[in-house]
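Contents: one structure, followed by commentary.
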Amino acid sequence: MVGYIKGKVIYSDAGTVLLENGGIGYEILCSGALFAKLVTDKQGEAYTYMQVREDGISLFGFVSPEEKNMFLKLITVSGVGPKMGIGILSAMNINDIAVAIATSDVKMLSSVKGLGKKTAERIILELREKVTAGELKVSEGGKAAVQTLEKMSDKEEDAIVGLMSLGYTRAESAKAVKGAVEKGAESLEDIIMTALKSM
């Protein structure tokens with residue numbers, strides 16, 4: 001089992017990097033955070049999960065052991081395979097995922113491309129106890145994130161989902177929406193347009 005690789009990036013494209021170590025190039029499907037880091041630094045380390053199937057072997061890469069642990073929890077849920085797991089981690093950071101699960105925020109989870117409402121509900125149901133005790137403690141922002149999430153109106157949440165569908169992270173979207181509301185934007189369209197100007 002290949003669990004960790006450190007090396008030089010020799011190729012990258014659409015979330016996948018080729019990481020060279022000891023004359024061997026490892027093709028890794030990365031989380032959003034790892035892909036951004038490796039492409040920027042041109043080298044680095046990846047915590048990996050190796051999937052072995054009849055039709056081949058795939059490597060999935062993560063920026064930290066905590067991110068890998070979240071992925072391992074996600075793929076225990078029926079209907080969530082490794083590609084879906086990496087997709088969730090590319091759309092949201094681990095603290096946002098933990099907050100969504102802890103607060104039963106189906107809308108936030110199902111905003112991830114390809115993740116339906118039923119699967120989002122299953123993730124919350126099966127992981128609530130496992131995640132609340134762990135990942136929310138990864139950063140001091142855990143409790144603050146829950147409080148911020150609870151204060152979001154439906155309109156603000158819709159605006160965040162709208163921005164996330166354009167490729168922005170949950171954290172970037174929430175910050176921009178909060179700023180737009182503080183500037184006086186009221187309708188959903190105004191909030192999104194004002195938020196986009198600040199991004």
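Brief remarks on what is shown
- Contacts under 7 angstrom Cβ, first residue in the range 174-199 being more than 12 Å from residue 162 (Cβ to Cβ), partner among the acidic types (Asp, Glu) and exposed (fewer than 13 other Cβ atoms within 10 Å of the Cβ), 6 or more apart: none
- Pair list, Cβ < 7 Å and 6+ apart or interchain, from the range 86-104 residues that are on the phi > 0 side of the Ramachandran plot to residues that are among the aliphatic types (A, V, I, L, M): 104/124
- Residue match in the range 120-131 (condition: buried (at least 17 other Cβ atoms within 10 Å of the Cβ) and at pLDDT below 85): yes
- Any hit, the range 58-73, residues being over 28 Å from residue 99 (Cβ atoms), open to solvent by 40 Å² or more (accessible area, probe 1.4 Å) and either of a type in the set (Val, Ile, Thr) or in a loop (DSSP other than H, G, I, E, B) (or both): no
- Taking helices (runs of 4 or more DSSP H) as the structural unit, those lying wholly within the range 140-199 and holding at least 3 residues that are out of contact with any Leu (no Cβ under 9 Å at 6 or more places or on another chain) and at pLDDT below 75 correspond to 141-151.
- Among the residues making up the range 37-57, those that are out of contact with any Lys or Arg (no Cβ under 7 Å at 6 or more places or on another chain), assigned to a strand (DSSP E or B) and surrounded by fewer than 18 Cβ atoms within 10 Å (Cβ to Cβ) are 50, 51, 52, 53, 56, 57.
- Test result for residue 34, assigned to a strand (DSSP E or B), in contact with a Phe, Trp or Tyr (Cβ under 7 Å, 6 or more places away or on another chain) and of a type outside the set (Ser, Thr, Tyr): no
- Count - residues of the range 13-31 that are under 18 Å from the mean Cα position of the chain (by Cα) and either farther than 18 Å from residue 64 by Cα or assigned to a helix (DSSP H, G or I) (or both): 1
- The set of residues in the range 81-110 that are over 19 Å from residue 64 (Cα atoms) and open to solvent by 10 Å² or more (accessible area, probe 1.4 Å) comprises 81, 102, 103, 104, 105, 106, 107, 110.
- Residues (closer than 16 Å to residue 169 by Cα and either exposed (fewer than 13 other Cβ atoms within 10 Å of the Cβ) or polar (S, T, N, Q) (or both)) located in the range 10-36: 31
- For the range 65-85, filtering for residues that are touching a residue at least 40 places away in the same chain (Cβ under 8 Å) and acidic (Asp, Glu) leaves 1.
- Some residue of the range 109-120 being under 29 Å from residue 154 (Cβ atoms), among the hydroxyl-bearing types (Ser, Thr, Tyr) and not in a helix (DSSP H, G or I): yes
The values are calculated or read from the model by the stated rules, or taken from the named source; none is laboratory data. All values derive from a computational prediction rather than experimental measurement. When we count neighbours, we look across all protein chains shown, and the Cβ atoms used for this are built from the backbone with ideal geometry, even at glycine. The area values use the complete protein model at the heavy-atom level, side chains included, leaving out ligands, DNA and RNA. Shrake-Rupley method; radii C 1.70, N 1.55, O 1.52, S 1.80 Å.
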